[in-house]
Amino acid sequence: MTTPSALSSDACVIVAAQRYGVAADLLLAVRSVERGAPHRATRNNDGTRDYNEPGLNSRTMNALVGLGWDPFLLEHDGCYAMKASAYWMSIKLLEVSNTSMPLLARAARYNSATPSYNVRYQGLLRESLRNWSCYLHRHWKLPSAALFAVASKVITENELNTCLPKTNPY
């Protein structure tokens, strides 16, 4: 059995995002918004639970396990859970890719497709996205075309070139 890692590193999240074709700033923003941790489950009002750093909902976990993901690692390994999160986000983005739904609304389906919850999650993602996009652009030298925040018009390329913070926003 694989020994679970502790928290995921930014590099782990970036690699997972690249592997599944998800923008790294989006996946890092999800991790920040969810604020989970390996070995921790948070109970939701609807009786479900959110697991690990990316807040994988118990319904999502069941679907992932059905697709071959390891349930123990999903719950206890930060890097493994972020890989699963990138995979799940890629599914959520593709499910409605042929619609006029804005890109940020499609991404917020990671949390919920219910309109009121989706709009709330978009707001939570928006600020975190700006911060992560700035961080990745400045410190990892990611081009603006690779950033979800630019593609979804959360931040412009001009803003990106002058933005702060200069430190990791996590």
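Each row is one residue, and each column tells you yes or no for (1) under 21 Å from VAL15 (Cα atoms); (2) of a type in the set (A, V, I, L, M, F, W, C).
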| residue | (1), (2) |
| --- | --- |
| ARG109 | no, no |
| THR114 | no, no |
| TYR117 | no, no |
| LEU124 | no, yes |
| LEU129 | yes, yes |
| TYR135 | yes, no |
| LYS141 | yes, no |
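For the range 134-148, a residue qualifies if it is outside any helix (DSSP H, G or I) and surrounded by fewer than 21 Cβ atoms within 10 Å (Cβ to Cβ), and the qualifying residues are TRP140, LYS141, LEU142, PRO143.
Among the residues making up the range 123-133, those that are within 18 Å of LEU93 (Cα to Cα) and open to solvent by 30 Å² or more (accessible area, probe 1.4 Å) are GLY123, LEU124, ARG126. Scanning the range 60-81 for residues that are outside any helix (DSSP H, G or I) and at pLDDT 95 or above, we see that the one that is most open to solvent (accessible area, probe 1.4 Å) is LEU67. Looking across TYR135, TYR170, TYR87, one residue alone is within 18 Å of GLU34 (Cβ to Cβ), at pLDDT 95 or above and of a type in the set (Ser, Thr, Tyr). It is TYR87. Apart from one condition, ALA151 fits all of (1) open to solvent by less than 40 Å² (accessible area, probe 1.4 Å); (2) touching a residue at least 60 places away in the same chain (Cβ under 8 Å); the exception is (1). For the range 26-59: of the residues being in contact with a Ser or Thr (Cβ under 9 Å, 6 or more places away or on another chain) and β-branched (Val, Ile, Thr), which is surrounded by the most Cβ atoms within 10 Å (Cβ to Cβ)? This residue is VAL30. Taking the range 7-19 as the range and being within 18 Å of HIS76 (Cα to Cα) and open to solvent by 40 Å² or more (accessible area, probe 1.4 Å) as the test, the residues that pass are LEU7, SER9.
Might you check whether a residue that is at pLDDT 95 or above and part of a helix (DSSP H, G or I) occurs anywhere in the range 37-57? No, the range 37-57 contains no residue that is at pLDDT 95 or above and part of a helix (DSSP H, G or I). Every condition in (1) open to solvent by 70 Å² or more (accessible area, probe 1.4 Å); (2) among the aliphatic types (A, V, I, L, M); (3) part of a loop (DSSP other than H, G, I, E, B) holds for VAL22 except the one numbered (1).
The values are calculated or read from the model by the stated rules, or taken from the named source; none is laboratory data. Predicted model, so just to flag it, every value in this text is computed and none were measured. Cβ sites come from the backbone with ideal geometry, for glycine too, and all protein chains shown count toward neighbours. Please note that ligands, DNA and RNA were not included when accessible areas were found on the heavy atoms of the full protein model with its side chains. Shrake-Rupley method; radii C 1.70, N 1.55, O 1.52, S 1.80 Å.
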